[in-house]
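Everything on this sheet refers to the single structure shown next.
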Amino acid sequence: MPELRNKKDHLDGKRVTFDDNELARSLFGERNGNLQLIEKALNIAINIRGNDLMLQGEPPELEMAENLLNQLYGLIKEGYPIYQRDVDYSIRILGGDHKAQLKPIFLDRVYIPSKKRTITPKSINQKIYIDSIRENDIVFGIGPAGTGKTYLAMAMAISSLMKKEIDRVVLARPAVEAGEKLGFLPGDLYEKVNPYLRPLYDALHDMMDFESGSRLLQRGVIEVAPLAFMRGRTLNDSFIILDEAQNSTPEQMKMFLTRLGFSSKTVITGDITQIDLPDGKSSGLIQARDLLSRIKGIKFIYFGREDVVRHPLVQEIIDAYDKVEA
């Protein structure tokens, strides 16, 4: 960043020292890629001198850089591998709250035994969301696309199933796009609605190998179904997820919430800025938010652009649409 370096005589400096050569190299990243990302994001200059980093920039950015580097180094000491996406998430977290602690977030692991992998939260709200699912029987996750609402709920469900904390997982979604056109689609009812359930299958197979997932689906241990198929059922010892809940009607939402049986949890996810219901139809998710937010044991978690864990451009897209809608 030539503009910054030309002004270096007028900038403050700060020295950050690390006590382990190998861990420091892991922090710096391949070809110092992590440091370059920090330089660009915080508009500072970083010079490497062995285990020492010499930082130059404006005081607020230097304070944040020192905090960021020390916390990332602490994560590496705990055995957490740092990648550039983790640096990006960390910058976002500390940019929103400079007192935030990264360890409780990144070291909170949802273990998926079937693939011997762990899934970790990448923002403060994601950490709160996971903790809320652990502590409450009904949790609503509301926010834009890419914030991990459904993915983290799926991870918690599969982890609970593999640990035998529950007997089955039920994944539901409204098929509102089909509407009255279902009769014109080929195949039986399952084949007609299957395209609307495909995102749930994709998330499932990302967490389980195809054969194991298919076997559990065939046995009914994992069920993927349209929301309408929930009517008349009581779901005990289950982990139930309703995805795209903004496209449920108030009647459907009431029906779904009253399916909850003993020793069960349910997570409802949706984006109230992307409602596809026909004109004149109100969203069951919005009504539930207004009616249920004060009931003890029901938790509402709200995600924002800072929680988006997809391509960085997704954040910009969300901002652009928010400005138009505002």
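The values are calculated or read from the model by the stated rules, or taken from the named source; none is laboratory data. Here the structure is a predicted model, which is why all the values come from computation and not from measurement. Here the Cβ is made from the backbone with ideal geometry for all residues, glycine too, and neighbour counts use every protein chain on show. The protein model used for the area step is the full one, side chains on, heavy atoms only, and it has no ligands, DNA or RNA in it. Shrake-Rupley method; radii C 1.70, N 1.55, O 1.52, S 1.80 Å.
Side notes on the structure shown:
- Filter on Lys103/Lys265; Lys163/Lys299; Lys127/Lys323; Lys77/Lys122; Lys99/Lys299 - keep pairs with C-alpha separation over 22 Å: Lys103/Lys265; Lys163/Lys299; Lys127/Lys323; Lys99/Lys299
- Inter-probe distance in nm under a simple model that places probes 7 Å from Cα toward Cβ, at Thr273 and Leu23: 4.0
- Label-reachable residues, region 131-173, where backbone N falls under 16 Å from a point 7 Å from Asp237's Cα toward its Cβ: 160-170
- Net charge of neighbours whose Cβ lies under 12 Å from the Cβ of Met255, counting Lys and Arg as +1 and Asp and Glu as -1: +3
- Expressed per residue, the C-alpha convex hull volume of region 265-326 stands at 134 Å³.
- With a simple spin-label model that places each label point 7 Å from the Cα along the Cα-to-Cβ direction, the separation between Tyr201 and Glu30 comes to 3.4 nm.
- Accessible area of the chain divided out per residue, in Å², using a probe of 1.4 angstrom: 53
- Each Lys or Arg adds one and each Asp or Glu takes one away; over the other residues whose Cβ falls under 10 Å from the Cβ of Asn32, this sums to 0.
- Overall form of the chain per C-alpha gyration tensor (a/c, 1.5; a/b vs b/c): prolate
- Taking Lys and Arg as +1 and Asp and Glu as -1, the other residues whose beta-carbon sits under 10 Å from that of Ile105 total +2.
- Accessible-area composition of the chain, carbon plus sulfur, in percent [1.4 Å probe]: 49
- For the pair region 20-71 and region 95-165, the centres of their Cα atoms are 28 angstrom apart.
- When Rg and the Kirkwood Rh are both derived from Cα coordinates, the Rg/Rh ratio for region 200-313 amounts to 0.98.
- Structural descriptor for region 192-323: relative contact order 19 percent, calculated from alpha carbon pairs under 8 angstrom and at least 6 residues apart.
- The phi torsions of region 197-208, fed into the Karplus equation with coefficients 6.51, -1.76 and 1.60 and a -60° offset, translate into couplings of 9, 3, x, 5, 4, 4, 5, 4, 6, 6, 9, 9 Hz, rounded to whole numbers, with Gly and Pro shown as x.
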